[in-house]
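These notes are about the structure you will find just below.
The values are calculated or read from the model by the stated rules, or taken from the named source; none is laboratory data. This is a predicted model, so every value here is computed, not measured. Note that we place each Cβ from the backbone using ideal geometry, even for glycine, and neighbour counts take in every protein chain shown.
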Amino acid sequence: MGGEEAKQIHDGDGNLTKSACKGGESVENTPLPDGETLMGRRGNRRRNLYRMREIVTMAAERLAAVILAAGKGVRMGADRPKVLLEACGRALIGWVGDAARRAGADLLVAVIGPEMTAEEKRKYLDGFVCVVQKERLGTGHAVLQAAPLIADLESVLVLCGDVPCLRPATLRSLVSLRLKEDVPAAVLTMFLDDPAGYGRILRNANGDITGIVEERDATERERQIREVNSGTYVFRCRDLLETLPRIGCDNAQGEYYLTEVVRFLADEGKRVVGIAVDDVDEVRGVNTPEQLEAVRRILATRAARK
């Protein structure tokens, strides 16, 4: 963010706008390499249109990462948002952002809560574009806050800001799978002996994912499934943004689940694929002080091996 406080992407009525959050610049006034803007100078219309086509082409090939970071982390008993807690000298979200960047993402969007201060953004979120989720209405609602920033891009990773052990190679594999299969979404899954608390992965006879059911909403039979959702996804932006506004909140939590996007896509006959992570330590989340210590040990062990 270059030290500047991020601007919310809502108008006065709380509606999403198309303002870019980085430095409060608007999409129309995005600087070009020679200092012009997309609106251009008088007399340069043809050249400006050519450059706009170049920019659109580059945008279509770009990968973004939307990192969910609005959780309060009440169980941590900390004086700052959970994603800003440190592990091995870096904030949890810093590890996530670094993995995404090394996997090819050149736009990092952090969806934060309204409590995060300007000083915290400056200290921990340099290099991120921040958007604020004013009300915590679920993961689907959180991703929707970033919609104006990713609308013209090809792919977007959706990651949890409290999962710091993800490896760049794992994210690259997930992105490559979606592109290779030419599908709207790919999900990173894991197999657990004790899947309690996780959303279960539903697959059809062909092995494609047909849904992700949260434990609170799962049937007894579905709760026996050991393959679970890691909370890590890659979407084709067009499909994601066409589907997000359609999801509802008719579930035990009364929230807008991002996982509903997967169900909608499958119901429309679109394929959703998934791969299981080899090392479940990569997708360990942090909800308690004990879990924070666990990821610190994992990261320290990795550093010692280098």
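Side notes on the structure shown:
- Hey, Met58 under 30 Å from Thr139 (Cβ atoms), in a helix (DSSP H, G or I) and modelled with pLDDT under 50 or not: yes
- Note on the stretch 227-267: residues that are over 20 Å from Ile67 (Cβ atoms), at pLDDT 95 or above and not in a helix (DSSP H, G or I) total 2.
- Residue count for the stretch 134-155, restricted to those that are within 18 Å of Leu107 (Cβ to Cβ) and not hydroxyl-bearing (Ser, Thr, Tyr): 13
- Matching residues in the stretch 197-244 - criterion: being of a type in the set (A, V, I, L, M, F, W, C), in contact (Cβ under 8 Å) with a residue 24 or more places away in the chain and under 22 Å from Asp279 (Cα atoms): Ile201, Ile209, Ile212, Ile225, Val228, Val234
- Where Arg167 falls short, out of the listed (1) surrounded by fewer than 23 Cβ atoms within 10 Å (Cβ to Cβ); (2) touching a strand residue (DSSP E or B) at 6+ places or on another chain (Cβ under 8 Å): (2)
- Checking each residue in the stretch 286-296 for being of a type outside the set (S, T, N, Q) and either in a helix (DSSP H, G or I) or surrounded by fewer than 19 Cβ atoms within 10 Å (Cβ to Cβ) (or both) picks out Pro289, Glu290, Leu292, Glu293, Ala294, Val295, Arg296.
- Listed by first and then second residue, the pairs with beta-carbon distance under 8 Å, at least 6 apart or on different chains, first residue in the stretch 260-282 and within 20 Å of Val295 (Cα to Cα), second modelled with pLDDT of 95 or more and part of a helix (DSSP H, G or I), are Val277/Thr170; Val277/Val283; Asp281/Ile298; Glu282/Thr170.
- Filter result for the condition that a residue is part of a helix (DSSP H, G or I), more than 18 Å from Glu282 (Cα to Cα) and of a type in the set (Gly, Ala, Ser), over Gly97, Gly127, Gly140: Gly140
- Residue match in the stretch 133-140 (condition: farther than 20 Å from Glu255 by Cα and either in contact with a Gly (Cβ under 7 Å, 6 or more places away or on another chain) or in contact (Cβ under 8 Å) with a residue 24 or more places away in the chain (or both)): no
- Among residues of the stretch 143-161, those that are among the polar types (S, T, N, Q) and under 18 Å from Arg62 (Cα atoms), counted: 1
- Meets criteria (among the hydrophobic types (A, V, I, L, M, F, W, C), in contact (Cβ under 8 Å) with a residue 60 or more places away in the chain and over 14 Å from Val143 (Cβ atoms)) for Ile247: no
- Residue that is surrounded by the fewest Cβ atoms within 10 Å (Cβ to Cβ) [pool: residues in the stretch 74-115 that are among the hydrophobic types (A, V, I, L, M, F, W, C) and farther than 28 Å from Arg62 by Cα]: Val74
- The one condition from (1) at pLDDT below 95; (2) closer than 23 Å to Leu157 by Cα that Val111 does not meet is (1).
- The stretch 114-124: number of residues that are in a helix (DSSP H, G or I) and over 29 Å from Val280 (Cβ atoms): 6
- Some residue of the stretch 233-252 being surrounded by fewer than 13 Cβ atoms within 10 Å (Cβ to Cβ), polar (S, T, N, Q) and over 18 Å from Gly161 (Cα atoms): no
- For the stretch 268-285, the candidate set comprises residues that are closer than 18 Å to Cys160 by Cα and either outside any helix (DSSP H, G or I) or small (Gly, Ala, Ser) (or both); within that set, the residue that is nearest to the chain's Cα centre (by Cα) is Gly285.
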